[in-house]
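These notes concern the structure reproduced below.
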Amino acid sequence: MPEVIYDPNYPAPDVLPESGFYDYLFGDESPLGKFDKSLPAYIDGLDGRVLTRGGLENSCLRLVSGLRALGVQRNDVACLWGLNSLEWARTAYGCLAAGVTVSPANYAYAAHEIAHQLNDSGAGIIFLDPTLIPMFDAARKEIKRPFSNERVILLCTPERKPKELAQYKAFEEILGARAEPEHFTGSQIRDTAFLCYSSGTTGLPKGVMTTHNNMTSQLQALNIGYEQLESGRDTVLGILPYSHIYGLTIVFFQPFTVGVPLVVLPRFEEISVLSAIQKFKITHGLIVPPIIIILLNSSNVDNYDLSSVRTFMVGAAPTSPELSESFSRRFPHITLTQGYGMTECSPTTHVCNGAEVAGRAGWIGRLLPTFQARLVTEDGVDAAHGERGELWVRGPSVMKGYLNNPEATEKTMAPGGWYKTGDVLITDDQGWYKVVDRVKELIKYKGFQVAPAELEGLLLQHDKVADVGVIGVWEESQATELPRAYIVPKPSADLKSGAAREAFRAEIASWLADRVAQHKRLRGGVVIVETIPKSPSGKILRKDLRVRAQAERDA
Ligand code: 4UV
């Protein structure tokens, strides 16, 4: 059977630079040098501080010497753990200048989650929000490599450094004199620039090795395939977390590569987002489906001038045609486009441009340049137009692999360099794609990843749990999946009465809530069952649990 490779009919990028990501962003040969250094690159959406392109470059080069003074070398790993901020931005760029791999971590992580990322990534230095120090201290007993105080840097200005944290330096306090950036040439463009954590199609969170070349290819592909931004005209809303690949590449970096400022906001908070749109005349926003629901239900929207906004891109989880149409009716002046991708692809593989979306509600768009795609049916053959198949993609933005985990890398790649996404799509004869199902284990809570295997592993440590299976259940009113646990209690749990069962469910949910980031809580409930459906080889049959969940919903 011949492979079907869908030609996206886009022009190829001029030249994919044989350079490191920092040289692409700031190097003498970089096409980005055409933008004036006085242009704002990042604006603090709360206090209005501006970081210009020139100021950012200066800060990067000063961080190079600061890192060297601490003994941090090229290809060492720095963990970056905090909410979006100008300090976060300066650290990410400065590490790239120093050739240091950045491993961004979710702000909401609990102790064992950050410990896992620090241990697995081998990070030797951490930059974190001052508010996270208690959580970091709680994690220390699980962290294999001790962190001396000088390798714990606070993401705040010296003025905002809490007095009780005097033993640590604030970001600004470790900067030195300007130093030379590191250059990545030849095969070094396959060195790892970022290590974001993703469960991929199965199992626990793994470090995704995103190379310098993955990033430069992705950004060039986006700048050809997604033509929304123009320097001097646009300003972008930066609320999605930059620690997640969607926030990192498309929100945090892409505007910089087209000379467009990003308004940095720490998290989605209705009033601060609406006022930032009004104050900074934001023209383009990147969001996730639950934000559409919040905006549709908001009584505050009419009190703000949102007329500057032209486009919103939504992604990271499914957006139904109905939700998309409700948004367009409520905000007729804002064009809603969709994007689709995953950590392993750096991330965008599909996107739709504003001019093309009419009549396409619910579709994710067309394939980005540089990618090739197949839809492969359950029988292992290429799907015809309109027929369902798992999306396989290949191209220069597909990750190098999972760190320390060649088996997982091998499992997710098919011969010929195809990455098997675990999503089921259809396509039409115009080259448009739609996501219709997900066959991988992953649960998405408001765009954040929840790995069922991780929650199952934790829940099995509870002394009253004999067996467990976790799935996501769809909650229309919030436009998201919610994690739900099906649990077989140990006989010793003694759950004969209704009250005892109720107390057990609450105990399990709160026990887990104490151990995980808030997006992983069992918001979809705890269901007591007698057995967990398993295949002969012992694999949990999540499909059967999903059928059961549907029956419970319909009952
Ligand atoms: O690895 P990850 O957490 O990555 C993401 C990336 C989201 C992006 C990427 C590029 C965009 O342009 C954009 O708008 C959003 O979330 O999770 C990857 C999985 O999330 C689901 C799908 O199951 C992926 O394999 N997913 C991502 N986008 C969509 C989606 C979408 N538009 N519709 C349905 N599911």
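The values are calculated or read from the model by the stated rules, or taken from the named source; none is laboratory data. Predicted, not measured: the structure shown is a model, and the values here were computed from it. So basically every Cβ, Gly included, is an ideal-geometry build from the backbone, and we count neighbours across all protein chains shown.
Inspect region 384-407 for any residue being under 18 Å from MET342 (Cβ atoms), part of a strand (DSSP E or B) and among the polar types (S, T, N, Q) and give the result as yes or no.
Checked against the condition, which is being under 18 Å from MET342 (Cβ atoms), part of a strand (DSSP E or B) and among the polar types (S, T, N, Q), region 384-407 yields no hits at all.
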task: Just name the residue that is nearest to the ligand (Cβ to nearest atom) out of those in region 223-256 that are part of a loop (DSSP other than H, G, I, E, B) and closer than 20 Å to PRO369 by Cβ.
output: TYR226
statement: For SER346, the lone unmet condition from (1) surrounded by fewer than 21 Cβ atoms within 10 Å (Cβ to Cβ); (2) within 18 Å of TYR246 (Cβ to Cβ); (3) at pLDDT 95 or above; (4) not aliphatic (A, V, I, L, M) is (1)
Per-region count, region 180-222, residues surrounded by fewer than 18 Cβ atoms within 10 Å (Cβ to Cβ) and either within 19 Å of the chain's Cα centre (by Cα) or within 13 Å of the ligand (Cβ to nearest atom) (or both): 2
- prompt: So which residues in region 422-468 are of a type in the set (Asp, Glu) and buried (at least 16 other Cβ atoms within 10 Å of the Cβ)?
  reply: ASP423, GLU441, GLU454, GLU456, ASP467
task: Specify which of the listed residues (ALA500, ALA517, ALA451) is more than 16 Å from the ligand (Cβ to nearest atom) and on the phi < 0 side of the Ramachandran plot.
output: ALA500
message: Return the pair list, or none, for Cβ contacts closer than 8 Å from residues in region 423-445 that are part of a loop (DSSP other than H, G, I, E, B) to residues that are among the charged types (D, E, K, R) and near the ligand (Cβ under 9 Å from one of its atoms), at least 6 apart or on different chains.
response: VAL439/ASP423; LYS440/ASP423
- line: Inside region 265-291, the number of residues satisfying the requirement of being among the aliphatic types (A, V, I, L, M) and more than 16 Å from the ligand (Cβ to nearest atom) is 7
message: Going by what's in this entry, would LEU262 be described as touching a residue at least 24 places away in the same chain (Cβ under 8 Å), surrounded by 23 or more Cβ atoms within 10 Å (Cβ to Cβ), within 14 Å of the ligand (Cβ to nearest atom) and under 13 Å from TYR42 (Cβ atoms)?
response: no
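Each row is one residue, and each column tells you yes or no for (1) surrounded by 24 or more Cβ atoms within 10 Å (Cβ to Cβ); (2) modelled with pLDDT of 95 or more; (3) in a helix (DSSP H, G or I).
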site	(1), (2), (3)
ASP7	no, no, no
ALA12	no, no, no
LEU16	no, no, no
LEU32	no, no, yes
SER65	no, yes, yes
LEU83	no, yes, no
THR91	yes, yes, yes
LEU118	yes, yes, yes
field: Selection from region 350-383 of residues that are more than 15 Å from the ligand (Cβ to nearest atom) and of a type outside the set (Val, Ile, Thr)
entry: ALA355, ALA358, GLY359, GLN372, ARG374, GLU378, ASP379, GLY380, ASP382, ALA383
- request: Return yes or no: is LEU295 in a helix (DSSP H, G or I), at pLDDT 95 or above and within 30 Å of TRP474 (Cα to Cα)?
  value: yes
